[in-house]
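Here the structure comes first, spelled out in structure tokens, and everything after it is commentary.
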Amino acid sequence: MGKSRLIFLVFVSTIQYLFAQEKIAGKYYSDARYFKPTDTNIITQQFGDAQLAPFMIKDRAPNFLENARVGFMDTTGHIVVKPEYINCSPFKEKYALVQSPGDYKVGIIDQEGKIVVPLIYDGVAIYTNGLFEVSKDKQVGIISADGKFIVPLGKYDSFSHPIQWYSMPGDDIVWYHWELRFLVTKNFNKYIGAGVGNKWHIIDNKGRQVLSPEFDYIGPFKDDKVAIAQIGKKWGAISPSGKIAIPAIYDRITLENGKFACVTLNGKMGVVSLSNKIVIPIMHEYVEQIAATEFLVKDKIANQDLWDNYGIINSKNQIIIAIENHSIKPFGNGYIVENSNIESALYTAMGKRLSLFGRPSPHQFPVWKNDDKGYFVQNVKSGTFNYYDEIYDFTTSLHGYRYLFYYRNEKMGMMDTLGNEITLPIYDDIEYLQDNYFTIKQGNKVGLSNGAGKIIYPCIYSDIYYADEKIVTIP
């Protein structure tokens, strides 16, 4: 018997075995939301926010995916969707994108494995209103979750939102990456632009035309209130009824958050309101909205041609950070500002400098290391920056847990990557043990905590360690 024939028979027997069984052996790690199978020929993805996670039975030929199969399981290893697809996406809320073997067509299933959109399409995307855009033979349409066409294939050439169809497996398939990605088009709730030839209509979520073709392009709607629109070579913004919000007089326009538009006219940029009132004068080299009411501005300075200069201006046209810096990057709700000497400092959203300018070691949100001493860590929920004497970044290589160990007043505590203090700074030492457990030490006594900061054993033991997958305590 040939080697390739033997590989195929072994693969088929593995598939048949998994179809016959209802559960995959392994262990679930709740903090990482990851199930590790016992069988090394099965690989899984993390659960994320979903109740089901994809698993893949690998093809025995490492550079070939044709015989690999994917399905979905719950956190106990129970197989909910049998491995009969060649590829899939993770679940996005109620749905997942799946691909059939052989013809590579795609469709949608729900969390019970029921086919919602048949696997007969070249591409499928989901809208926020629960509808699906489908593509077949270079024609597009829109269908509902019960399979009824809202917009039949071929009635329109395209819709406002460009669809990023799935990519076929590439050279990195040896790593068995899931290549399908669910694209959520965020802005189709009630209205969407639909193009036929060179003219664009507006249709609603019932497929009804609410605006006759008057424009050369209509972009995505922001909060169902306004969308960019093109007439000739100029751009403006319109309401769903076609009422002009911003006249088509600009060379370029971007709608940022439903309240402002960044516009370009004669090579200069500024900001206008949705009633076309000037918010930031159209006089800057570049303008980009980076917060609710703040804009990154770039300008040239006279006799300074080495680099551009950046600053922050708010929606009242007030300068928050002077336009004199080499670069400005968002850092949480604050900013990292780099001056002309290539030195960086941390600023709050109101433009207050928290740290000295210097050349700190590499930083990653939410931690900023001062060049002189100490660290600032932003609490994501409150938006405040808190000071710590020392920060250590801890990551396990197997399951992807990540925590920050911090020091304050020579005592150690633990926080998550959102800047929330999991434990108070009351320990002399904290070390990772195993399976998201940590040994905590006070004086010469040792205790045990989990990743949520819950005390499993108080600090009354001389030693705590792992043996035979069990926690051992030594009095």
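Here are the numbers for this structure:
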| quantity | calculated |
| --- | --- |
| Pairs, first more than 11 Å from residue 411 (Cα to Cα) in region 421-435, second at pLDDT below 90 and in a loop (DSSP other than H, G, I, E, B), C-beta under 8 Å, six or more apart | 422/416; 422/451; 422/452; 432/396 |
| First in region 443-454 and among the β-branched types (Val, Ile, Thr), second anywhere and buried (at least 19 other Cβ atoms within 10 Å of the Cβ), Cβ under 7 Å, 6 or more apart | 446/439; 446/459; 446/464 |
| Index of the failed condition, residue 148 passing every other in (1) over 22 Å from residue 224 (Cα atoms); (2) touching a Phe, Trp or Tyr at 6+ places or on another chain (Cβ under 6 Å); (3) not small (Gly, Ala, Ser) | (2) |
| Answer from 219, 207 - the residue that is outside the structural domain of residue 154 (by TED's automatic domain parsing) and in a strand (DSSP E or B) | 219 |
| Within region 112-160, tally of residues that are among the hydrophobic types (A, V, I, L, M, F, W, C) and touching a residue at least 60 places away in the same chain (Cβ under 8 Å) | 3 |
| Boolean, residue 126 is at pLDDT 95 or above, touching a strand residue (DSSP E or B) at 6+ places or on another chain (Cβ under 7 Å) and outside any loop (DSSP other than H, G, I, E, B) | no |
| Residue satisfying all of: in region 80-110; on the phi > 0 side of the Ramachandran plot and not aromatic (Phe, Trp, Tyr); farthest from the chain's Cα centre (by Cα) among these | 102 |
| Set 321, 313, 249: member being free of Cβ contacts under 8 Å to residues at least 60 places away in the same chain, over 31 Å from the mean Cα position of the chain (by Cα) and part of a strand (DSSP E or B) | 249 |
| Scope region 66-103; condition buried (at least 17 other Cβ atoms within 10 Å of the Cβ), closer than 18 Å to residue 28 by Cα and either among the hydroxyl-bearing types (Ser, Thr, Tyr) or modelled with pLDDT under 90 (or both); matching residues | 90 |
| Residue match in region 254-262 (condition: outside any strand (DSSP E or B), more than 18 Å from residue 237 (Cα to Cα) and out of contact with any Leu (no Cβ under 6 Å at 6 or more places or on another chain)) | no |
| Residue 97 being farther than 30 Å from residue 217 by Cβ and not in a loop (DSSP other than H, G, I, E, B) | no |
| Test: residue in region 157-177 that is among the aliphatic types (A, V, I, L, M) and at pLDDT 85 or above | no |
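The values are calculated or read from the model by the stated rules, or taken from the named source; none is laboratory data. These numbers were taken from a predicted model, which means no experiment stands behind them. Don't worry about glycine lacking a Cβ; one is built from the backbone with ideal geometry, like all the others, and counts go over all protein chains shown.
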